[in-house]
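Notes for the one structure printed next.
The values are calculated or read from the model by the stated rules, or taken from the named source; none is laboratory data. All values reported here derive from a predicted model rather than from experimental measurement. Cβ coordinates were reconstructed from backbone atoms using ideal geometry, including for glycine residues, and neighbour counts include every protein chain displayed. Heavy atoms of the whole protein, side chains included, go into the accessibility calculation; ligands, DNA and RNA do not. Shrake-Rupley method; radii C 1.70, N 1.55, O 1.52, S 1.80 Å.
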Amino acid sequence: MTPTGRPSPTAALEALALPRVDHVDLVTVRLPFVAPFGTSVHVWTVKDAMLMRIESDGVTAWSECVSDPDPFYAYETNTTARHIIKDFLLPLVEPGMTLGELEGRFRRVRGHGMAKATVENALLILVATQRNVALHELLGRPATRIMSGLSIGLQDTQEALIEAVGRAVAKGYHRVKMKIRRGQDVEWVRAVRGRFPDVPLMVDANGDYTLADADRLRQLDEFDLTMVEQPLSYSDIIEHASLQRAMRTPICLDESIHSLADAAAAISIGACRVINVKQGRVGGLLESLRIAHHAAGLGVGVWSGGMDETGIGRAVNIHLQTAEGFTLPGDTSETANYFDEDIVDPPVVLGADGFIEIPKGPGLGVRVVAERVLRRTVRAERLS
Ligand code: OSB
Ligand code: MG
């Protein structure tokens with residue numbers, strides 16, 4: 001039973017029996033970004049993505065750990081995730097056990113959701129591939145078209161920001177998110193709003209403000225934003241409830257939410273009206289389904305965030321968004337927004353109406369191109 005008293009959306013998945021895993025590899029690839037991605041906490045110029053490759057009876061599945069090399073978005077890094085996966089999570093995986101039992105064992109490891117998600121996603125993608133079904137089918141969800149959304153990093157000038165928003169609007173993105181920080185907020189939003197009065201627009205502060213900035217944040221209310229994402233600290237829930245009472249614009253929590261329990265607590269005290277579900281941050285697809293289902297039962301919208309993933313993580317996020325509760329456009333953008341060349345085919349592209357098709361085929365539906373992975377590999381290690 002769920003906190004809202006409705007049947008669990010994950011019961012069938014928890015009962016899945018896990019196959020024997022013959023090999024596990026961690027492969028870190030480095031992909032240059034087409035442009036630096038700036039937030040209030042850091043500017044990233046490359047993507048160092050740690051991928052997991054698992055093999056069972058000749059069938060291969062890939063997952064992606066959404067951590068960065070640094071702890072600037074979250075405390076997990078590629079190095080901590082490698083350590084937790086290798087020394088604590090993989091030793092808990094036994095053939096024949098159910099996914100629910102594995103989750104139970106993983107719970108003893110506190111936190112480290114990105115590491116857990118890497119293992120859980122790899123197993124789910126493996127099972128889907130073995131059964132010759134798409135990941136969304138394994139999740140029990142029908143194929144739908146996915147809404148698109150672009151996250152625009154901090155820009156050097158308002159002109160550059162307006163140009164970036166203009167390109168997103170021309171492409172047909174369903175909503176645009178712009179990063180803000182202290183000293184680069186109200187005036188920048190006003191400039192964008194002045195030029196694009198009707199675009200569905202939101203802002204993301206990545207935790208740059210405190211309650212002392214409440215008057216400043218309240219000024220955002222005049223721009224008809226769909227939401228303000230994570231205005232206060234990455235570790236706060238309580239003060240967001242005070243801020244939400246003081247402003248009209250819905251608050252969306254990102255960094256603060258690591259589990260269904262966090263999401264339920266945040267909603268119950270009015271700390272947010274929207275939740276950004278990043279499957280990596282909350283420990284995987286099952287916990288994401290639980291959060292989305294719980295929020296939907298309370299009329300709270302959720303959407304899938306992104307961690308500027310390669311095509312592997314991007315495909316996971318796309319399949320996830322077929323689930324109940326994902327009613328809002330997420331940070332799901334075209335591959336070309338981040339990379340000239342990704343390691344998978346086909347790349348994500350927007351259709352004429354701004355929607356994204358689910359890649360067709362078993363598992364993720366995308367093909368990992370071995371030659372590109374090899375060319376981009378900066379570190380590789382066989383764990384078993
Ligand atoms: O706060 O949502 C965020 C990227 C890296 C780390 C944190 C965030 C982001 C994004 C971009 O906003 C999401 C994406 O396009 O994948
Ligand atoms: Mg965010």
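A few remarks follow.
- Of all residues in segment 148-192, those satisfying the criterion of being open to solvent by 30 Å² or more (accessible area, probe 1.4 Å), of a type in the set (S, T, N, Q) and in contact (Cβ under 8 Å) with a residue 12 or more places away in the chain are Q155, Q158.
- Within segment 289-307, if we keep just the residues that are assigned to a helix (DSSP H, G or I) and farther than 22 Å from H174 by Cα, the residue that is nearest to ligand 1 (Cβ to nearest atom) turns out to be I291.
- Segment 163-199, residues that are in a helix (DSSP H, G or I) and under 26 Å from the mean Cα position of the chain (by Cα): E163, A164, V165, G166, R167, A168, V169, A170, K171, W188, V189, V192
- Filtered residue count, segment 210-245, keeping only those that are more than 20 Å from I269 (Cα to Cα) and either surrounded by fewer than 20 Cβ atoms within 10 Å (Cβ to Cβ) or within 16 Å of ligand 1 (Cβ to nearest atom) (or both): 11
This table checks each residue for (1) in a helix (DSSP H, G or I); (2) touching a strand residue (DSSP E or B) at 6+ places or on another chain (Cβ under 7 Å); (3) in contact (Cβ under 8 Å) with a residue 24 or more places away in the chain.
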{"site": "A12", "(1), (2), (3)": "yes, no, yes"}
{"site": "V24", "(1), (2), (3)": "no, yes, yes"}
{"site": "T28", "(1), (2), (3)": "no, yes, yes"}
{"site": "P32", "(1), (2), (3)": "no, yes, yes"}
{"site": "A49", "(1), (2), (3)": "no, yes, yes"}
{"site": "W62", "(1), (2), (3)": "no, yes, yes"}
{"site": "D70", "(1), (2), (3)": "no, yes, yes"}
{"site": "D87", "(1), (2), (3)": "yes, no, no"}
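- Residue match in segment 134-147 (condition: within 16 Å of ligand 2 (Cβ to nearest atom), open to solvent by less than 40 Å² (accessible area, probe 1.4 Å) and not in a helix (DSSP H, G or I)): no
- Residue match in segment 89-110 (condition: crowded, with 21+ Cβ neighbours inside 10 Å and farther than 24 Å from L320 by Cβ): no
- Number of residues in segment 308-325 that are outside any helix (DSSP H, G or I) and either touching a helix residue (DSSP H, G or I) at 6+ places or on another chain (Cβ under 6 Å) or more than 23 Å from V203 (Cα to Cα) (or both) equals 5.
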